[in-house]
Amino acid sequence: MYFVGKDMDQYIQQKEYVDTAIVPLLEVDLSAEGIKRSAGASEYLQSLTALLEKQFKGRILLLPPISYAKKANRERIADELSEEFKSAGFKHVFYLTTDVAWRTIESLENVLWLPAIPIEHMNQKFRNSVMEDQLRQVLPLFTKEWTKPS
């Protein structure tokens, strides 16, 4: 389910079955050198998470990307997000990012770092193929987490 009004009615009714949140983490770099890379990472993350939502609709809630500045305090963001999802009752939270700095945040579990693949100039057929390959790489990480003993 997407974090939009229409899907929230369904989420509220089926909350007991939606045990997983997916949170894209996106560094916003508006410098002349970083803006293109940052926008490409956003496009990549949004494409991949949309595929995940489609694959697991009814089991996951896909949040909008959490955008933050290069100099943001990632520890503080991690603590605030963890607290919010814990209080909401999510059993599993996956953080997807192209920002390698998140791998050092020990308080966050299930941080999936993925190198951003520049997809902007790919034709649609090739782009779909690349994104499906990426999806196949992350799916086992989800199923492994879901099958862990509580």
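Structure data summary
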| quantity | calculated |
| --- | --- |
| Segment Glu84-Asn123, extension gain: residue separation times 0.36 nm, minus the distance between their alpha carbons | 10.2 nm |
| Matching label, percent of Cα pairs over 26 Å apart computed from the structure shown, candidates [x] 47; [y] 26; [z] 64 | [y] |
| Exposed trypsin sites (Lys or Arg not before Pro) absent: longest stretch of the chain, with sites in DSSP loops and at most 15 other Cβ within 10 Å deemed exposed | 1-69 |
| Mean Cα-pair separation over length for the chain, i.e. relative contact order, pairs under 8 Å, 6 or more apart, % | 30 percent |
| Span-like helix ranges in the chain, DSSP H, alpha carbon extent 20 angstrom or more, Kyte mean at least -1.0 | 35-55, 124-146 |
| Dipole magnitude of the chain about its Cα centre (Cβ charges: Lys, Arg +1; Asp, Glu -1), debye to nearest 20 | 340 debye |
| 1.4 Å probe accessible area per residue over the chain, in Å² | 60 Å² |
| Sparse-neighbour loop sites [GluC sites (Glu not before Pro); segment 1-94; at most 11 other C-beta within 10 Å; DSSP] | Glu33 |
| Net charge dipole size for segment 1-82 [Lys, Arg +1 and Asp, Glu -1 on Cβ; Debye, nearest 20] | 160 debye |
| Carbon + sulfur, % of accessible area of segment 50-93 - ligands and nucleic acids excluded, 1.4 Å | 52 percent |
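The values are calculated or read from the model by the stated rules, or taken from the named source; none is laboratory data. Quick caveat, the model's predicted, so the values are computed rather than measured. All Cβ positions, glycine included, derive from the backbone under ideal geometry; neighbour counts span all protein chains shown. These accessible areas exclude ligands, DNA and RNA; they are computed on the full protein's heavy atoms, side chains included. Shrake-Rupley method; radii C 1.70, N 1.55, O 1.52, S 1.80 Å.
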